[in-house]
Amino acid sequence: MTDTYFYTFLHDIIALITIINPIAAASIMISMITPPTSTNIIPVAKKATAVVFIASLLTLFLGEYLFKFFGINLLSIKVIGGTILMLIAINMAYGHPTKARHTPEENEEAQEKDDISIIPLGIPILFGPGLIATIIVLNHNNTTQFNSIISYLILSLAIFISSLITYLILKYAGFINKALGITGIKILTRIMGLIVGAIASQFLISGIKGLWMSS
């Protein structure tokens, strides 16, 4: 059973980090901060990570109930979430991860802001619809294996670790960008796109199958 807990915990971390895609976000952050020094980057990284962490926990504990309030069942969330993730995966596979995350208008507006950590970096670049759907579906999948308390505990810890990794990547964004270069970032983005695509396929197949059987 311990191995099952660890496997689920590791799976959730990989899924969350892949969807958040902090490496691509770090590259975007660098382009928005002038000058991109550690003094300017660290406060933005802290605040953006806090936004992702808090928003993710709120989604975990309240998201499913909010959707149920509007009469939306989990199978429908799997389908729409899988569709959104598939669009993100396609963009990532072509080396354009930002297309599904934020619009050029949002990017232009961000250039005029003194603080970009909440909008657009925290939301929607790091925390967007794809992450919302992923958290809700992962929690449901975990609940089918364990009880709800264990599920919430595992996913809460996975969110914490994912947020910590995101913060470290954002904090050292300048070094990572120099080390990887444009080519390295695009290669990593394409690899992560394959993982996102696999997750999206699982969501879509599970959701469509469930809706088909219940109709």
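Each value in this text was obtained by applying a stated rule to the coordinates, not by laboratory testing. Please read these numbers as outputs of a predicted model, since none were measured by experiment. We place every Cβ from the backbone using ideal geometry, glycine too, and count neighbours over all the protein chains shown.
To the nearest 20 debye, what charge dipole does region 2-214 have about its Cα centre, counting +1 at the Cβ of each Lys and Arg and -1 at the Cβ of each Asp and Glu? Before the final figure, lay out each step's value.
Working: 12 positive and 10 negative charges, 79 e Å.
About 380 debye.
State the extension gain, in nm to one decimal, for the chain segment bounded by Phe6 and Lys178, taking 0.36 nm per residue of separation less the distance between their alpha-carbons. Before the final figure, lay out each step's value.
Details: separation 172, 0.36 × 172 = 61.92 nm, distance 3.39 nm.
Length gained, Phe6 through Lys178: 58.5 nm.
Going down the table (Lys68/Lys171; Lys47/Lys186; Lys186/Lys209; Lys47/Lys78; Lys47/Lys68), which pairs top 32 Å between alpha carbons? Before the final figure, lay out the partial values.
Details: Lys68/Lys171 37 Å; Lys47/Lys186 26 Å; Lys186/Lys209 34 Å; Lys47/Lys78 30 Å; Lys47/Lys68 30 Å.
Table pairs above 32 Å Cα-Cα are Lys68/Lys171; Lys186/Lys209.
Under the rule of -39500 (n - 2.57) per DSSP H run of 4 or more residues, summed and divided by the residues of the chain, what mean residue ellipticity at 222 nm is obtained, to the nearest 500 deg cm²/dmol?
Details: 9 runs with 168 residues, N = 215.
Estimated from H runs of four or more residues: -26500 deg cm²/dmol.
Out of Pro22, Thr4, Leu153, whose Cα points farthest toward the positive end of the dipole of the chain (charges: +1 Lys, Arg; -1 Asp, Glu; placed on Cβ)?
Thr4
So how far apart, in nm, are the two label points at His96 and Leu168 if each is 7 Å from Cα heading toward Cβ?
So the label points at His96 and Leu168 sit 3.3 nm apart.
Run the simple label-point estimate for Ile123 and Ile191 please: 7 Å along Cα→C-beta, distance reported in nm.
Inter-label distance under the simple model: 3.2 nm.
Output the Kirkwood hydrodynamic radius of region 2-214, Cα pairs only, in Å rounded to one decimal.
Working: mean 1/r = 0.0570 Å⁻¹.
Radius from the Kirkwood sum: 17.5 Å.
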